[in-house]
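Each remark here refers to the structure printed beneath this line.
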Amino acid sequence: MDSTEDGATRRDFLFLTAGAMGAVAVGTAAWPLVDSMNPSADTLALATTEADLSTIQPGQILTVIWQGKPVWIRRRTPEDIAKIRAEKWEGFRDPQSDESRVQKGRDEWLVLVGVCTHLGCIPKGSKPMEQRGEYGGWFCPCHGSTYDQSGRIRKGPAPFNLPVPDYTFKTDTLIVIGEKPKADKKAA
């Protein structure tokens, strides 16, 4: 006969206790693995990077390093902006308008993390003589992904557009990469 009124036995209690202890042991063993995926101290020290834009002429690209990755700051010409905005982007693999990839009122400045979204290679196109691909943006030589002048994927295996990092302008010629823009006071 069952010695407990609710049907629970000593064996049920032992199973539950062993299961709980097993879960704690798995969590304890997995924590170092999960913690090792956090950014290292030297990467966190580079949480923001400043760049002086005063020497960049229209059509030129400045490359800076932020969190160990190249970031491209391209000063676009009005012709480049008009051409890229005339394209129908709604059917792209990762559809984004050019306007959503730049800060309002600062359309001439395009800021991108220069790492291909396929397997992490560095695309070509940030230097004057490098191949830029058929869309005039960037070309990844590893597997052939081609990005347009707004950093949007147009061809190849890359699943997403080149990422736009958080950035803000301290002055008209000084940009801080890795810092979220302050909310517009007029919008509040």
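Every read-out reported here was derived from the displayed coordinates using simple, explicitly stated rules and does not represent laboratory data. Predicted model, so just to flag it, every value in this text is computed and none were measured. Methodologically, a virtual Cβ is constructed for each residue, glycine included, from the backbone with ideal geometry; neighbour enumeration extends over all protein chains shown.
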query = What is the distance, in nm, between label points placed 7 Å from the Cα along the Cα-to-Cβ direction at ALA23 and at LYS69?
reply = 3.5 nm
message = I want to check the label-to-label distance for PHE13 and GLU50. Put each point 7 Å from Cα in the C-beta direction and report it in nm to one decimal.
response = 6.7 nm
request  = Pick out, from PRO165, THR49, GLN149, the residue whose Cα sits farthest towards the positive end of the charge dipole of the chain, with +1 on the Cβ of Lys and Arg and -1 on the Cβ of Asp and Glu.
outcome  = GLN149
message = Between ALA82 and HIS143, how high is the FRET efficiency from 1/(1 + (r/R0)^6) when r is the Cβ-Cβ distance and R₀ = 35 Å? Nearest 0.05.
response = 0.70
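Would you mind working out the magnitude of the charge dipole of the chain relative to its Cα centre, with +1 at each Lys and Arg C-beta and -1 at each Asp and Glu C-beta, to the nearest 20 Debye?
Values: 24 positive and 24 negative charges, 155 e Å.
Here the size comes out at about 740 debye.
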task = Please order ILE177, ILE153 by the number of other Cβ within 10 Å, starting at the fewest.
result = ILE177, ILE153
remark   = Set LYS88/LYS170; LYS69/LYS170; LYS155/LYS180; LYS124/LYS182, cut-off 25 Å on Cα-Cα distance; pairs above it are LYS88/LYS170; LYS155/LYS180; LYS124/LYS182
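I'd like to compare 169-175, 22-28: which one has the highest average count of other Cβ atoms within 10 Å, and what's the full order after that?
Working: 169-175: 13.3, 22-28: 9.9.
Highest to lowest by the protection proxy: 169-175, 22-28.
Got a sec? How would TYR135, TYR167, TYR147 order by Cβ neighbour count within 10 Å, fewest to most? Walk me through the numbers on the way to the answer.
Numbers: TYR135 19, TYR167 22, TYR147 27.
Listing TYR135, TYR167, TYR147 from fewest to most nearby Cβ atoms yields TYR135, TYR167, TYR147.
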inquiry  = Given points 7 Å out from each Cα along the Cα-Cβ axis, report the LYS104 to GLU134 separation in nanometres with one decimal.
reply    = 3.6 nm
Cα pair distances in the chain, grouped into 5 Å bins until the bin that holds the longest one, percent each = 1, 7, 13, 15, 14, 12, 8, 5, 4, 4, 4, 4, 4, 3, 2, 1, 1, 0
inquiry  = Suppose a student asked you for the relative contact order of the chain, using Cα pairs under 8 Å spaced at least 6 residues apart; what percent would you report?
reply    = 17 percent
message = For a quick check: sort TRP31, TRP72 by the number of other beta carbons within 10 angstrom, fewest at the front.
response = TRP31, TRP72
note = Helix-only [θ] at 222 nm, the chain, -39500 (n - 2.57) per DSSP H run of 4+, per residue, nearest 500, equals -7000 deg cm²/dmol
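Evaluate E = 1/(1 + (r/R0)^6) for LEU33 and ASP166, where r is the Cβ-Cβ distance and R0 equals 25 Å; express this FRET efficiency to the nearest 0.05.
Values: r = 28 Å, r/R0 = 1.12.
Once the sixth-power term is evaluated, E becomes 0.35.
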request  = Using the charge dipole of the chain (Lys, Arg: +1 at Cβ; Asp, Glu: -1 at Cβ; taken about the Cα centre), state which of GLY137, THR28, ASN38 has its Cα farthest towards the positive end.
outcome  = GLY137
